[in-house]
Amino acid sequence: MNKTSKVEVNQDGTQRGLTNLAVQMIAFGGSIGTGLFLGAGSTIHRTGPSILLVYAVIGSFFFLMMRAIGEMLYADPNQHTFVAFIHRYLGSGLGKFAEWSYWLELILAAMAELTAIAAYFQLWFPNLPAWLIQLVFLVALTLINLAVVSFFGKAEIILSGIKIITILGLIVVGGWLILTHHQGISGDRAAVSNLTANFSVFPNGIAQFIFAFPMVFFAFQGMEFIGITTAETKQPRKILPRAINQIIGRILFFYIGSLAVIMMVSPWQRISASQSPFVQIFELAGIPAAAMLINLVVIVAAASTLNSAIFSTGRHLYQLALESHSAHMKPLRKISTSGIPIVSVLVSATLMLGSPILSLFNQLTSAFTFVASVSGDIYILVCILTMVAHWKFRHSPASRQIAFRMPAYRITEPLTICFFGAVFISLFFGEASRWPAIGAVIWALGFGGYLKFTQSRSAELFEKSK
């Protein structure tokens with residue numbers, strides 16, 4: 001224990017400086033972003049009020065996955081990433097696939113957030129080049145990540161706090177509009193009945209309802225960041241169960257609560273799919289600067305997600321370096337005096353420079369969008385492998401006498417695996433999602449082929465060396 005800072009230092013030099021609040025805010029930072037503030041209009045337009053059911057179902061399965069991750073981390077709180085358990089319980093082949101794929105997915109997701117930050121920032125300063133905006137944000141957030149971990153936690157509390165205040169503001173303003181039966185420009189009055197009038201589970205057909213599931217699934221992506229903070233969290237066996245049990249309810253409240261209020265204030269058919277519903281609600285409340293306000297919040301939301309992504313990619317790469325026997329990976333194990341895997345964070349952040357570079361070549365934008373979509377689809381495969389790893393964990397000696405357990409895992413675990421599998425299969429039936437899903441399968445098969453080739457090559461060299 002470090003007596004001067006009273007922060008516990010791990011054997012590898014990393015520090016346990018994250019509090020329960022910081023851990024929860026990191027999860028908020030990853031899972032509540034532009035998908036809610038900007039994309040909610042599209043999901044509402046697709047299925048109407050039944051989108052609340054979609055969020056509730058997917059949120060429940062994400063909670064089960066988080067309980068599975070939490071149980072494994074409770075047994076071994078020294079792991080820097082939950083994906084390490086795939087390596088431990090399913091073998092090095094699937095482990096390497098999951099670890100490298102998830103790390104790459106986070107890099108691409110961070111690049112997408114940088115692209116979003118530049119686009120929204122240019123609404124205020126259209127003459128500023130996108131690459132410069134992205135570079136400034138990336139450098140600033142990387143410096144925050146290179147400070148002591150407790151400072152990173154405080155920064156994420158502020159960034160996520162702004163998002164939460166905005167959502168609470170929407171719920172309060174919307175509630176006031178509903179209580180006063182405010183009449184909008186279209187002549188419709190705000191009322192609870194707007195949510196239930198002529199209700200249909202499939203207002204635009206069952207296909208649109210099914211296609212809403214992968215859209216909402218990706219909206220919850222980032223909640224698993226809790227499983228990357230454990231090794232740097234104070235009293236992890238005390239904080240981890242509390243953070244996981246609280247986070248799902250609060251995220252569901254913010255998602256379902258805000259969407260329900262939006263559809264009560266205005267009939268869902270009137271909500272524009274192309275404009276932020278948050279902007280529409282605040283404009284109805286007579287706040288002329290609503291668009292500017294939400295633009296600021298969207299920039300903060302993207303910065304918060306980027307901040308968490310830099311943290312997560314650095315820890316993932318550090319974990320990969322710990323597991324690797326390659327001399328090239330050894331420098332990535334370096335820990336700074338402030339307890340940060342400094343080289344892993346810098347390498348991950350450097351790769352994110354691909355976003356400002358791509359902004360200089362517009363013709364590459366569509367290719368980047370496709371690659372990012374492929375990577376996002378691979379995330380579902382990582383979720384499935386995580387649940388299978390937990391199943392193996394529950395049948396190992398390490399699972400004995402664990403106080404924090406996944407509820408009824410013999411039933412809920414197969415259900416969760418089947419559900420995640422169904423979400424992945426549904427991607428093949430959408431015109432826009434089909435090719436990225438095929439790309440994810442090709443990546444998985446190609447990665448497996450590469451591992452087999454390298455293993456056989458290593459065996460040949462070993463035989464020749466005898």
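What follows draws every value from the coordinates through simple rules; no lab data is involved. Predicted model, so just to flag it, every value in this text is computed and none were measured. Positions of Cβ are backbone-derived with ideal geometry, glycine not excepted, and every protein chain shown enters the neighbour counts.
Miscellaneous remarks
- Residues of type aspartates and glutamates that Lys154 reaches as a straight line, Cα spacing below 18 Å, ignoring anything fewer than 8 places off in the same chain: Glu8, Glu232
- Taking the longest Cα principal axis of the chain as reference, the axis of helix 409-426 is set at about 70 degrees.
- Other-chain or far-sequence residues with amide H under 5 Å of Gln15's (modelled H): Asn10
- For the stretch 118-276, the convex hull drawn through the C-alpha positions has a volume of 174 cubic angstrom per residue.
- Global geometry of the stretch 326-399, whether rounded, prolate or oblate, following the gyration tensor of its Cα atoms and the 1.5 cut on a/c: oblate
- For the cross-link pairs Lys96/Lys163; Lys163/Lys330; Lys234/Lys452; Lys334/Lys452, the ones whose C-alpha atoms lie over 32 Å apart are Lys96/Lys163; Lys163/Lys330; Lys234/Lys452.
- Across the stretch 1-83, Cα pairs under 8 Å and at least six residues apart give a relative contact order of 9 percent.
- The stretch 332-447: relative contact order in percent, alpha carbon pairs under 8 Å with at least 6 residues between: 24
- Projected area, mean over directions - the stretch 191-341, Cα convex hull, nm²: 13.8
- Lys, Arg +1 and Asp, Glu -1 on Cβ, resulting dipole of the stretch 244-403 about Cα centre, debye, nearest 20: 600
- Expressed as a whole percent, the proportion of Cα-Cα pairs in the chain lying more than 42 Å apart is 15%.
- Sites Lys452 and Ala207, calculated FRET efficiency, Cβ-Cβ separation with R0 35 Å, nearest 0.05: 0.35
- Charge-dipole axis of the stretch 42-139 as Lys and Arg at +1 and Asp and Glu at -1 on Cβ define it, positive-most pick from Val83, Phe63, Thr115: Phe63
- Percentage relative contact order, the chain, counting C-alpha pairs under 8 Å, at least six apart: 33
- Ranked by the mean number of other Cβ atoms within 10 Å of their residues, highest first, the peptides 411-419, 195-203, 61-69 come out as 61-69, 411-419, 195-203.
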